[in-house]
Each structure stands twice: as structure tokens, then as C-alpha cells.
Amino acid sequence: MKKLGIMLLSAVLAFAACFTFLGCSEQEKDILVVCREAASGTREAFDKYVGLSADEITSSAEEYSSTGNVREKVANTKSAIGYISLASVDDSVKALKIEGVEATADNVRAGSYKIQRPFLLLTKAGQDLQPAAQDFFNYCMSKTAEAAINAEKGIATNDFTERPAYTAPEAAIAGNVTLKGSTSMEDMIKKLVAEYQNLGGDKVAGVTFTYDFPGSGGGRTAVKEDTTGAVIGLASSSSPDAAYTEHTLCLDAVAVIIHKDNDFITDINAVQLKSIYTGAIKKFSEVK
């Protein structure tokens, strides 16, 4: 009887240890790999850093078409890992250090945080923008826009002090502007539209905006196919093409995210990420 009691006590203590230190949680299930679709600029930047090709990604990975969907999946799954725009990180998830470096504005500007990319506005080569689109473009590329960019966690480039200030047009303008592309830029571009309308007041009250966020690839295609001069593409990675011109709005970083209660790792590097995304590493406790 005494021996049985000792055995039961040992089992209880083992369970308690598991619950305390491992949480007996989903974190020690196989890692759920979460990624973006092929047209995503965020995925382009992540895959480039990791050295990952599409055919190498584990077949168990889940693919999502928007930044918000990736964040939501990771926030609700203790065993998940994913990546999103730094501008879209909130307290529902935890961002990992990359090679010991935190994803901060200063570290991105200094180049010490390795997974970074530009937020770009795209205009069709050889085609003038319509007055409404041109005026909004001028605002976005001005130093006046810095406050709105900062508010959405964008990272101003060092040339912002040299950019011209935006001045509302003397005469009222009207027209529709189509903004199409990166889902990572959705919140920022909508913030820029709101500030533009606030600054321009009655002079830009006739300017309307159409939004579509199919990803960076969709933004590039929309600009190439535009015949109106009313389309501004949005891309969160650079992919030069003679058909359009890339204009750097600001910088962003790609944050690697895990569930906020995951205490197994705080730092990761390209080799470890590739092992996770190819399925060679299956549990967070294996990340060394």
C-alpha cells in the first residue's frame, strides 16, 4: 500500500511538473506552421531572409491571404508560428527577436534587424496620374505624412526631413482614386486617406477612394493594367519592373510571431526558421 501511495504521488508530481513547466499545452504539440500566400510581399521578405522556396515548405503548413488572418490564427493557437508586418503586431501575439535583435524602428533603420522591407507606392511608367490621384500621392510622399505613418507603426526613412511639405490645392479637385495591393499596408493607407481628407477639407471633399487588398502581386498587376491614371499600387516588397515605378513610402519589418503564452523561445534565426518551416524541427522545445 505504501509503495502504491508513493507511485501515485510520483505520478501526481510528474503531472504537476508538466502542467507548470510545459503547461501540458498545445505548445508541445507539433508546431503549426502558418504562412502567407505566394503573392504576398510579407512572404517574399520572409522567404528571402530564411532562404526558403515554396516547394520546401512543410505540407502541414496553413496558408492565409491576409495579415489579420495570420495574426488571428497564431493568437488562437498555442502551437503556432507565423509572420506578419511589424506595423500589424499587437498584444495578442508575441514577436521574437531575430538573431538577438528586437524589431524596433531604430534597429530597422540601422539595418541590424534583418527581416525588413519597404512599403511602396506604385505608379504606371509613362502615364500621368489623374489630378486627384496625383494630389493624394503628393501628400503620401511628403514630410507632412510622417505623423500618420508613425501612428500606424511605419518607419520613416532618413530622407523624410528633405521631403516637401504637403499643401492642399488652391482649387477644389474631384475624382476617384483606386488603392490596390498589400494587406500589410491596409491600416496605414486608410490612416493616410483619413489625414489627407482632414488636411484638405473642402478642397478634396470630391476625392473618393476605392480599396482592394489582394496582396502585393495584385497591386503590381493593377498598376500594369491601369488605363485611367487613377490607380496607385501598394506593395510591401520590391520587385522592379519597367511597367511601373516604385516609390518608397516608408520602411517596415517582418515580425516572426508566436502565441503570447509561449515561453519556449524568445529569439530565433534563419537556420532555425528554415528547419521549422520545412518540418525538420517539429516542437518548440527542439529549437536550440
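Taking the Cβ of Y113 as the center, what net charge do the other residues with Cβ under 13 Å away carry, scoring Lys and Arg +1 and Asp and Glu -1? Spell out each step's value before the answer.
Details: positive: K97, R109, K114, R117; negative: E99, E102, D106, D252, D267.
Local net charge: -1.
How high is the relative contact order of the chain? Use alpha-carbon pairs under 8 Å, at least six apart in sequence, and give a whole percent.
In percent, rounded to a whole number, it is 30.
Considering the dipole of segment 23-133 built from charges on the beta carbon (Lys and Arg +1, Asp and Glu -1) around the Cα centre, which of V89, A75, A54 is farthest to its positive end?
So the residue furthest toward the plus end is V89.
Add +1 for every Lys or Arg and -1 for every Asp or Glu among the other residues with Cβ under 12 Å from the Cβ of Y49, and state the total.
The answer is +2.
Cα axis of helix 2-17 to longest principal axis of the chain: angle in degrees, 0 to 90, nearest 10?
Rounded to the nearest ten degrees, it is 10.
Which far-off residues, 5 or more places away or on another chain, put their amide H under 5 Å from the one on Y244, with H placed in the peptide plane?
Here the answer is A125, since their amide H atoms fall under 5 Å of that of Y244.
Leaving ligands and nucleic acids out of the surface, order H247, H259 by accessible area at 1.4 Å, largest first.
H247, H259
For a quick check, take a GNM of the chain with Cα springs below 10 Å and name the residue from Q197, Q127, Q116 with the largest mean-square fluctuation.
Q127
Take the alpha-carbon centre of segment 100-143, take the same for segment 194-220, and report the distance between them in whole Å.
If you average the Cα positions of each part, the centres end up 15 Å apart.
Report the local net charge at E246: Lys and Arg +1, Asp and Glu -1, summed over other residues whose C-beta lies under 12 Å from its C-beta. Display every interim value, and only then the final one.
On the way: positive: R117, K124, R220; negative: D241.
My count for the surroundings of E246 gives +2.
Using the charge dipole of segment 82-162 (Lys, Arg: +1 at Cβ; Asp, Glu: -1 at Cβ; taken about the Cα centre), state which of A133, I98, L120 has its Cα farthest towards the positive end.
Working it through, the farthest residue towards the positive pole turns out to be I98.
Whose amide H sits under 5 Å from the amide H of T178, counting only residues 5 or more places off or on another chain, with H placed in the peptide plane?
Correct list: T210, V231, I232.
When the accessible area of the chain is split by element with a 1.4 Å probe, what percent falls to carbon and sulfur?
In the chain, the share of accessible area belonging to carbon and sulfur is 52 percent.
Only four residue types carry charge here, +1 at the Cβ of Lys and Arg and -1 at the Cβ of Asp and Glu. Report the dipole size of the chain about the Cα centre in Debye, rounded to the nearest 20.
Result for the chain is approximately 980 debye, rounded to the nearest 20.
What accessible area per residue comes out for the chain, rounded to a whole number of Å², with a 1.4 Å probe?
So the chain comes to 47 Å² accessible per residue, rounded to a whole number.
Cα-Cα pairs above 21 Å in segment 68-136: how many percent? Could the numbers behind the result be given before it?
Values: 1124 of 2346 pairs.
Here the tail beyond 21 Å accounts for 48 percent of pairs.
With runs of 4+ DSSP H residues as the only contributors, calculate the mean residue ellipticity of the chain at 222 nm using -39,500 (n - 2.57) per run, divided by the residue total and rounded to the nearest 500.
Details: 9 runs with 91 residues, N = 288.
So the calculated ellipticity at 222 nm is -9500 deg cm²/dmol.
Mind checking Rg over Rh on the chain, alpha carbons, Kirkwood formula for Rh? Walk me through the intermediate numbers first.
Numbers: Rg = 22.9 Å, Rh = 20.7 Å.
Checking Rg against Rh, the ratio lands at 1.11.
Where the only charges are on Cβ atoms (+1 Lys, Arg; -1 Asp, Glu), what is the dipole of segment 46-150 about its Cα centre, to the nearest 20 debye?
The dipole magnitude comes to about 180 debye.
The values are calculated or read from the model by the stated rules, or taken from the named source; none is laboratory data. Just so we're clear, the structure is a prediction, and the values are computed from it rather than from any experiment. Cβ atoms come from the backbone with ideal geometry, glycine included; neighbour counts cover every protein chain shown. For the accessible areas, the whole protein counts, side chains as well, though only heavy atoms, and no ligand, DNA or RNA atoms are used. Shrake-Rupley method; radii C 1.70, N 1.55, O 1.52, S 1.80 Å.
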